[in-house]
Amino acid sequence: MEKKPLLVVAVGGNAIIREKQRGTQWEQLANIEVCCEGLIELLAMGYRLVITHGNGPQVGNNLLRGKCAHHVLPPMMLDVYGAETQGQLGYMLQRVLNNKLGERGISAKVVTLITQVLVDGQDPAFKNPSKPIGPFYTREEFENMSEGEKANYVEDSGRGYRRVVPSPKPHRVVEYQTIRELVEGGKIVIAVGGGGIPVVKGQDGKYYGVEAVIDKDLAAAVLAREIGADYLLILTNVEGVAINFGKDNMTYIAKMSTTEARQYMKEGHFPPGSMGPKLEAAIDFVEFNGGKAFITSLEKAGLALAGKSGTIVYK
Ligand code: ADP
Ligand code: MG
């Protein structure tokens, strides 16, 4: 029997807490409902799925919660907050997806796996925080911050100011073999949530958590390579990849080769911390695996795979 094509889907944290939403669990669940409708369609189209998700807004909120409550509760380190988001979002995705599978009479089982991702302790990112996380602040709120605090914030794609943290490059998914085995066993796997919990390997051969947030798109590409996926699908809150994004002459691009993508990247069309890593991930995966990568919105997942929406990156 021919194996069904394996698809790694990366769901954006910013699609799970939408612009202008506070991020209540009900808002997140409603967005996850939409997301899982799309994922069910992909299963119905005959794909095997490994699902990964972002956690930018959620991990930032957990960090802030810890900071605000430090008088009564001990704050945790960022790796632990990252692990929390794997549980939070994994649980919501797993429950909603299971319910929908039940409704459709599909017997497949969903598993969420706490996943660590190996980074390099000497990665220059530790000295140069670049990943925006947590809530958006207005220019006025930013102006009112202390100079010291301002240094931890950047403007994020015209949407406001956000806290930035180190975002080292993912090298290896520690649990990739387990993920492979689960996939081979017919499970729908939710893994590498939030880009994975960043860990380094000490001289003693043991793993240690580090304070950073790995970009989930780059981590999804590493995972997709390691488990030999056929396609990488990156779902976010815009319909596709544009050049001149946010300008009068903005144009969505339906198809781009990795060479074209690199050229646009050089010309500065894809900012770091948002669209940049999605294209980097797409190029990395496509050139390594020879599959195709798709970038589109949650709502357009099925259409994008059928070539009718979003942006396809090919070799
Ligand atoms: P996610 O949580 O899905 O990773 P990001 O905020 O990191 O979401 O990236 C998606 C955002 O990238 C979009 O909402 C959009 O504002 C921004 N963006 C920046 N440049 C582009 C571009 N060239 N084309 C499309 N979107 C872009
Ligand atoms: Mg992102």
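Which three extents, in angstrom, do the Cα atoms of the range 192-248 have along their principal axes, listed largest first?
That works out to 55, 28, 16 Å along the principal axes.
Take every Cα pair under 8 Å in the range 185-275 that's 6+ residues apart, average their separations, divide by the length, and report that relative contact order as a whole percent.
After rounding, I find 17 percent.
Leaving out ligands and nucleic acids, and using a 1.4 Å probe, what accessible area per residue does the range 216-315 come to in Å²?
On a per-residue basis, the range 216-315 sits at 42 Å².
Would you mind telling me the antiparallel percentage of the DSSP bridges in the chain, rounded to 5?
40
At each listed q (0.12, 0.13, 0.15 Å⁻¹), what is the log10 of I(q)/I(0) that the Debye formula gives for the range 109-196 modelled as equal alpha-carbon point scatterers?
Log10 I(q)/I(0), no solvent term: -0.55, -0.61, -0.72.
Working from the pairwise distances between different alpha carbons, so that the mean of 1/r is found and then inverted, what is the range 4-112's Kirkwood radius in Å?
The Cα-based Kirkwood calculation yields 15.0 Å.
Using a cut-off of 13 Å between beta-carbons, work out the net charge of the residues near Gln21 (Lys and Arg +1, Asp and Glu -1, Gln21 not included).
So the environment of Gln21 carries a net charge of +2.
Quick one, can you get me the convex hull of the C-alpha atoms of the chain expressed as volume per residue in Å³?
147
Sorting check: for 77-84, 93-100, 147-154, which peptide has the highest mean count of neighbouring beta carbons within 10 Å, and how do the rest follow?
Per-residue mean Cβ counts within 10 Å order the peptides as 77-84, 93-100, 147-154.
At 1.4 Å probe size, what's the solvent-accessible area of Ser297? Round to the nearest 10 Å².
10
Excluding ligands, DNA and RNA, what is the solvent-accessible area per residue of the range 75-187 at a probe of 1.4 Å, expressed in Å²?
54
Given a 1.4 angstrom probe, I'd like the percentage of the accessible area of the range 127-286 that is carbon and sulfur, rounded to a whole number.
Of the solvent-accessible surface of the range 127-286, carbon and sulfur hold 47 percent.
Counting only C-alpha contacts under 8 Å and six or more residues apart, can you give the relative contact order of the chain as a whole percent?
Here the relative contact order equals 22 percent.
What does the charge count around Gly38 come to, taking other residues whose C-beta lies under 12 Å from its C-beta (Lys +1, Arg +1, Asp -1, Glu -1)?
-2
Leaving out same-chain residues fewer than 8 places away, which aspartates and glutamates sit with a Cα under 13 Å from that of Lys278?
Within the straight-line limit of under 13 Å, Lys278 reaches these aspartates and glutamates: Asp215, Asp217.
Given H placed on each backbone N at 1.01 Å, which residues far from Ser130 in sequence or on other chains put an amide H within less than 5 Å of it?
Here the answer is Val165, Ser167, since their amide H atoms fall under 5 Å of that of Ser130.
Give me the net charge of Lys127's neighbourhood, meaning all other residues with Cβ under 15 Å from the Cβ of Lys127; Lys, Arg count +1, Asp, Glu -1.
-1
Let me check something: with ligands and nucleic acids excluded, how do Glu267, Glu260 order by accessible area (1.4 Å probe), largest to smallest?
Order by accessible area, largest first: Glu267, Glu260.
Please compute the Kirkwood hydrodynamic radius of the range 48-200 from all pairs of different C-alpha atoms, in Å with one decimal.
About 17.2 Å for the range 48-200.
Determine which lysines satisfy two conditions relative to Lys100: a Cα distance under 28 Å, and not lying fewer than 8 residues away in the same chain.
Lys3, Lys4, Lys20, Lys109, Lys187, Lys216, Lys292, Lys300, Lys308
Out of all Cα-Cα pairs in the range 40-101, roughly what percent, to the nearest whole number, are more than 19 Å apart?
45
Helix-derived [θ] at 222 nm for the chain: sum -39500 (n - 2.57) over DSSP H runs of at least 4, divide by residue count, nearest 500?
Theoretical 222 nm ellipticity from helices: -11500 deg cm²/dmol.
Gap in Å between the Cα centre of the range 233-280 and the Cα centre of the range 76-96?
If you average the Cα positions of each part, the centres end up 28 Å apart.
Hey, which aspartates and glutamates would be in cross-link range of Lys150, C-alpha to C-alpha under 19 Å, not counting anything within fewer than 8 residues on its own chain?
Result set, ordered by chain and number: Glu140, Glu141.
The values are calculated or read from the model by the stated rules, or taken from the named source; none is laboratory data. Remember, predicted model here, so these are calculated numbers, not experimental data. Note: ideal-geometry Cβ built from the backbone for every residue, glycine included; neighbour counts use all protein chains shown. Please note that ligands, DNA and RNA were not included when accessible areas were found on the heavy atoms of the full protein model with its side chains. Shrake-Rupley method; radii C 1.70, N 1.55, O 1.52, S 1.80 Å.
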